[in-house]
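K.L.:
Sharing a structure below in structure tokens format, with a few things to ask.
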Amino acid sequence: MNKDLAICLTLLVLAFPALAHHSQAEFDSSQMLEMSGEIVAAYWRNPHVNFTLKVVDQSGEEQHWEMETSAWNALSRRGLTRDMVESGDLVRVALNVSTKRQNHARLMNMLLEDGSEVRFAGNSRVWTEDVAGLNQVQPSPDPNATNSGSGLFQVWSIAGGRRVPLDRELPLRDEARAAQASWNPLTEDPLLNCIAPGMPPTMGNPYPMQFIQQGENIFIHLEEFDNKRLIHMSATTPASKSHLGHSVGRWEEGSLLIDTTNINYPYFNRVGVSQSENVTTFERFTLSEDEARLDYELTITDPSTLTEPVTWRTYYEVRPGEEVKSYECIVERYVPQ
């Protein structure tokens with residue numbers, strides 16, 4: 001790369017859509033900061049892709065900015081590759097600055113030295129018409145693959161919106177609302193330490209899932225954090241409590257119904273709402289006649305946290321060629337150890 005590229009710092013105020021992903025609330029989405037500099041570290045990984053940018057400010061002082069963005073699994077599905085941005089590259093970036101950490105930001109877009117633009121987050125372009133990563137890249141279908149007769153037991157991609165009623169106004173008890181107000185995502189968010197989410201928030205993840213028959217039982221393999229839920233299809237005695245709980249399923253009028261108890265995952269959602277060990281969930285999966293759509297309904301009951309049960313609905317679809325990828329979470333560099 002040409003090392004004579006000017007390094008500058010400017011502020012551009014724009015309206016920009018916020019992202020709904022655990023600790024993203026710390027970033028000011030009402031302003032976008034533009035700056036140019038040299039990439040001195042690039043980490044393509046989950047749960048966030050991270051870059052370090054070296055810049056020189058107006059007084060000639062050198063600064064390092066830590067930039068985080070979407071997970072590698074999400075970016076790879078938008079067609080981005082790990083060799084697009086490497087250490088030593090000179091770039092221009094558009095950022096949402098952290099309100100809690102100095103010289104820390106969410107990376108939205110990047111302009112490479114060859115004039116091409118890469119979208120890392122959000123849904124907009126900043127500098128050019130042709131933007132890499134602006135749209136979801138559909139997987140290449142296997143010409144020999146067929147969904148005929150697969151029924152429930154195939155790979156499903158979420159299509160009807162996500163995030164288990166997580167970020168909306170919730171019917172919280174006063175104690176739960178107070179606990180959320182004091183929650184610090186920078187030190188308490190378990191996902192940044194690669195602690196896999198439990199029930200129910202694991203069902204709100206944006207990645208594919210696969211239903212697998214094993215004997216009379218069913219496994220649900222969720223790509224995010226490589227979670228695997230065991231659904232017992234006959235009554236069994238619950239083992240000790242776990243983050244995913246104890247799930248018992250049954251068929252009713254063509255739908256798979258699942259009751260889950262014995263959950264000890266402490267968070268109802270990814271923005272600091274806690275839950276008690278009294279939480280239970282009820283799920284309904286209903287397959288369309290053409291086996292290309294899977295409707296989902298989740299009801300969460302927790303008398304210790306919620307004043308009334310909460311229900312969330314979405315749907316999944318089959319995308320030929322899609323697969324459940326390995327997640328391989330790596331602890332954030334910015335989490336105090």
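K.L.:
Starting from the stretch 231-259, take each residue that is free of Cβ contacts under 8 Å to residues at least 12 places away in the same chain and within 13 Å of Thr280 (Cβ to Cβ) and list its partners that are of a type outside the set (Phe, Trp, Tyr) and exposed (fewer than 12 other Cβ atoms within 10 Å of the Cβ), counting only C-beta distances under 7 angstrom and pairs at least six apart or across chains.
P.N.:
Short answer, once both residue conditions are applied: none.
K.L.:
Within the stretch 238-262, take every residue that is small (Gly, Ala, Ser) and surrounded by fewer than 18 Cβ atoms within 10 Å (Cβ to Cβ) and give me the one that is modelled with the lowest pLDDT. Break it down into steps so the answer makes sense when it comes.
P.N.:
Here is the first cut: in the stretch 238-262, the ones small (Gly, Ala, Ser) are 239-240, 242, 245, 247, 249, 254-255.
From the residues that got through so far, the ones that are surrounded by fewer than 18 Cβ atoms within 10 Å (Cβ to Cβ) too are 239-240, 242, 254-255.
On the way: Ala239: 78, Ser240: 88, Ser242: 96, Gly254: 91, Ser255: 97.
Within the stretch 238-262, the match that is modelled with the lowest pLDDT is Ala239.
K.L.:
Can you pull out the residues in the stretch 248-270 that are among the aromatic types (Phe, Trp, Tyr) and farther than 17 Å from Ala179 by Cβ?
P.N.:
Trp251
Quick grid of which residues meet (1) within 19 Å of the chain's Cα centre (by Cα); (2) outside any loop (DSSP other than H, G, I, E, B); (3) aromatic (Phe, Trp, Tyr):
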{"residue": "Trp156", "(1), (2), (3)": "yes, yes, yes"}
{"residue": "Ile195", "(1), (2), (3)": "yes, no, no"}
{"residue": "Met199", "(1), (2), (3)": "yes, no, no"}
{"residue": "His221", "(1), (2), (3)": "yes, yes, no"}
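K.L.:
Let me ask another. Report yes if some residue within the stretch 183-196 is β-branched (Val, Ile, Thr) and surrounded by 20 or more Cβ atoms within 10 Å (Cβ to Cβ); otherwise report no. Lay out the reasoning, then the answer.
P.N.:
From the stretch 183-196, those β-branched (Val, Ile, Thr) are 187, 195; that's our starting set.
Next cut, surrounded by 20 or more Cβ atoms within 10 Å (Cβ to Cβ) only: none.
No: the stretch 183-196 contains no residue that is β-branched (Val, Ile, Thr) and surrounded by 20 or more Cβ atoms within 10 Å (Cβ to Cβ).
K.L.:
Tell me yes or no: at least one residue of the stretch 204-213 is free of Cβ contacts under 8 Å to residues at least 60 places away in the same chain, surrounded by fewer than 20 Cβ atoms within 10 Å (Cβ to Cβ) and more than 22 Å from Val155 (Cβ to Cβ).
P.N.:
Checked against the condition, which is being free of Cβ contacts under 8 Å to residues at least 60 places away in the same chain, surrounded by fewer than 20 Cβ atoms within 10 Å (Cβ to Cβ) and more than 22 Å from Val155 (Cβ to Cβ), the stretch 204-213 yields no hits at all.
K.L.:
Here is a further query. Test Ser140 against the criterion of being surrounded by 14 or more Cβ atoms within 10 Å (Cβ to Cβ), modelled with pLDDT under 90, among the polar types (S, T, N, Q) and part of a loop (DSSP other than H, G, I, E, B), and give yes or no. Don't jump to the end; show me each part of the working.
P.N.:
Values: surrounded by 14 or more Cβ atoms within 10 Å (Cβ to Cβ): no; modelled with pLDDT under 90: yes; among the polar types (S, T, N, Q): yes; part of a loop (DSSP other than H, G, I, E, B): yes.
It is false that Ser140 is surrounded by 14 or more Cβ atoms within 10 Å (Cβ to Cβ), modelled with pLDDT under 90, among the polar types (S, T, N, Q) and part of a loop (DSSP other than H, G, I, E, B).
Residues are listed down the side, and each one gets a yes or a no for (1) over 25 Å from Glu188 (Cβ atoms); (2) modelled with pLDDT of 90 or more:
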{"residue": "Gln24", "(1), (2)": "no, no"}
{"residue": "Asp28", "(1), (2)": "no, yes"}
{"residue": "Leu33", "(1), (2)": "yes, yes"}
{"residue": "Gly37", "(1), (2)": "yes, yes"}
{"residue": "Ala41", "(1), (2)": "yes, yes"}
{"residue": "Arg45", "(1), (2)": "no, yes"}
{"residue": "His48", "(1), (2)": "no, yes"}
{"residue": "Lys54", "(1), (2)": "yes, yes"}
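K.L.:
Looking at the stretch 263-272, which of the residues that are under 17 Å from the mean Cα position of the chain (by Cα) and in a loop (DSSP other than H, G, I, E, B) is surrounded by the most Cβ atoms within 10 Å (Cβ to Cβ)?
P.N.:
Start the filter on the stretch 263-272 by keeping residues that are under 17 Å from the mean Cα position of the chain (by Cα), which leaves 267-272.
Still in the list and also in a loop (DSSP other than H, G, I, E, B): 268-272.
Working: Phe268: 26, Asn269: 23, Arg270: 24, Val271: 20, Gly272: 20.
That would be Phe268.
The values are calculated or read from the model by the stated rules, or taken from the named source; none is laboratory data. Quick caveat, the model's predicted, so the values are computed rather than measured. Cβ atoms come from the backbone with ideal geometry, glycine included; neighbour counts cover every protein chain shown.
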